[in-house]
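Novice: Attaching a single structure in structure tokens format; questions to follow.
The values are calculated or read from the model by the stated rules, or taken from the named source; none is laboratory data. Worth saying up front: this structure is predicted, and the values here are computed from it rather than measured. Here Cβ is always computed from backbone atoms with ideal geometry, including for glycine, and neighbour counts include all displayed protein chains. For accessibility, only protein heavy atoms count, side chains too; no ligands or nucleic acids. Shrake-Rupley method; radii C 1.70, N 1.55, O 1.52, S 1.80 Å.
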Amino acid sequence: MTKIHIRTLRPATQLVHSGTTRTPYGETSEALFLTQGFVYDSAEACEARFTGEDPGFIYSRYANPTTDMFEKRMCAIEGAEEARATASGMAAVAAAILCQVRAGDHVLAAKAMFGSCRYIIETLLPKYGVEFTLIDGVNIENWENAIRPNTKVLFLESPTNPTLEVMDIARIAGIANSVGAKLIVDNVFATPLYQRPLALGAHIVVYSATKHIDGQGRCLGGVVLSDREWITEVLQDYFRHTGPGLSPFNAWTMLKGLETLAVRVEAQTRSAAKIADFLAEQNAIARVIYPGRKDHPQADIIAKQMSGGSTMIALELKGGKKAAFAFENALEVISISNNLGDAKSLITHPATSTHKNLSDEAKAELGITDGLLRLSIGLEDADDLIDDIGFALKAAQG
């Protein structure tokens with residue numbers, strides 16, 4: 001084991017060292033255990049492992065030494081007691097919700113969320129007799145009015161995808177506590193560097209590790225974090241028997257991603273703030289939404305619960321879909337993609353991609369217009385990105 005006393009260290013150092021376990025060979029980088037199963041010295045040793053008398057690894061679907069290191073490192077940076085790594089961000093969301101609901105339960109969620117999350121809540125849950133309510137989550141009164149005695153889960157993204165709304169996590173957690181429900185927060189857009197939902201009162205945090213945690217477009221992954229009791233007594237059996245676990249290779253890749261998370265996200269955020277200010281001055285832009293700007297609709301909540309802005313910008317072009325497509329097609333440095341949090345800057349037209357399955361009414365409610373674009377800022381020089389955006393804006397106006 002590393003000799004470093006992790007609790008005394010700051011986030012950037014935790015991201016490099018936390019959770020590291022070394023083999024007798026003393027390797028510098030974390031060992032990659034590409035194995036499905038494990039062997040035992042005797043039948044008695046096998047029995048002890050399965051009864052839990054001898055703690056250790058049984059099968060990589062349950063746990064793996066490399067995956068375990070990734071989970072422990074995520075716990076250190078998030079301030080969680082326990083975590084389970086999953087094959088994708090959506091596997092994390094699905095596991096966090098499905099492991100704790102049954103027929104007759106109620107799920108309350110903010111309607112501003114990723115399209116696949118809405119599918120789980122709107123389409124999948126009712127198939128199993130679970131009721132749901134979707135609300136405008138920014139308004140606290142909506143949570144208070146929609147909560148029920150049978151509400152088991154509250155779910156939100158903050159900042160939201162793609163319009164970067166921010167919700168008061170502490171107050172919503174208090175509402176969940178009033179009926180003994182669990183608040184799940186998807187913290188992808190804030191990253192663990194800028195927002196700590198568990199410290200604000202949330203019960204469970206989920207990530208698509210595919211995004212900033214990998215951050216270099218290599219592989220899929222997710223993670224669910226909470227207190228040890230909830231993970232072991234509520235999530236663990238679901239996780240063990242349905243098999244959404246992260247592969248050891250992807251866990252190793254995520255460990256490498258975590259080592260550079262702080263420097264990448266901080267650089268991307270500086271560039272995003274500069275680019276958001278530039279966009280706000282352009283006549284072709286109808287609106288700019290960025291958590292680091294004073295004109296953000298929830299600036300007061302951001303000041304209270306976030307320690308930084310974001311790598312993400314939402315912008316709406318005048319001229320609708322035609323202008324948005326012309327703008328995207330004219331970009332030379334920024335790539336069109338539905339991903340985010342990458343080292344490369346990426347742009348998305350939510351209405352025709354990530355949120356295309358929403359009804360026109362739902363899109364209108366969420367502010368997803370035909371002119372709205374989601375911009376994920378990468379590690380390129382900010383001035384090169386501004387030049388690229390400026391050129392594309394002229395093309396869009398033409």
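Novice: When residues of the range 133-156 are filtered for being assigned to a strand (DSSP E or B) and open to solvent by less than 10 Å² (accessible area, probe 1.4 Å), how many remain?
Specialist: 5
Novice: Continuing with the same structure: Scan the range 98-116 for residues that are at pLDDT below 95 and either out of contact with any strand residue (DSSP E or B) (no Cβ under 8 Å at 6 or more places or on another chain) or surrounded by fewer than 22 Cβ atoms within 10 Å (Cβ to Cβ) (or both) and jot them down.
Specialist: Answer for the range 98-116, where residues must be at pLDDT below 95 and either out of contact with any strand residue (DSSP E or B) (no Cβ under 8 Å at 6 or more places or on another chain) or surrounded by fewer than 22 Cβ atoms within 10 Å (Cβ to Cβ) (or both): Phe114, Gly115, Ser116.
Novice: How about the range 347-364: which of its residues are polar (S, T, N, Q), under 21 Å from Met312 (Cα atoms) and without any contact (Cβ under 8 Å) to a residue 60 or more places away in the chain? Spell out the reasoning first.
Specialist: As a first pass, look at the range 347-364 and keep what is polar (S, T, N, Q): 348, 352-354, 357, 359.
Subset that is under 21 Å from Met312 (Cα atoms): 348, 352-354.
Answer for the range 347-364, where residues must be polar (S, T, N, Q), under 21 Å from Met312 (Cα atoms) and without any contact (Cβ under 8 Å) to a residue 60 or more places away in the chain: Thr352, Ser353.
Novice: Inspect all residues belonging to the range 174-181 and state whether any of them is open to solvent by 10 Å² or more (accessible area, probe 1.4 Å) and touching a Phe, Trp or Tyr at 6+ places or on another chain (Cβ under 8 Å).
Specialist: yes
Novice: State which residue pairs qualify: first residue modelled with pLDDT of 95 or more and inside the range 14-39, second residue open to solvent by 50 Å² or more (accessible area, probe 1.4 Å) and assigned to a loop (DSSP other than H, G, I, E, B) in any location, beta carbons under 6 Å apart, and separation of 6 or more residues or different chains.
Specialist: Within 6 Å, the pairs are Phe38/Phe57.
Novice: Which of the residues spanning the range 40-62 are part of a loop (DSSP other than H, G, I, E, B), in contact (Cβ under 8 Å) with a residue 12 or more places away in the chain and either β-branched (Val, Ile, Thr) or open to solvent by 40 Å² or more (accessible area, probe 1.4 Å) (or both)?
Specialist: Correct list: Gly56, Phe57, Ile58, Arg61, Tyr62.
Novice: Anything in the range 107-132 that is more than 23 Å from the chain's Cα centre (by Cα), within 13 Å of Thr151 (Cβ to Cβ) and not in a loop (DSSP other than H, G, I, E, B)? List them, or say none.
Specialist: Glu131
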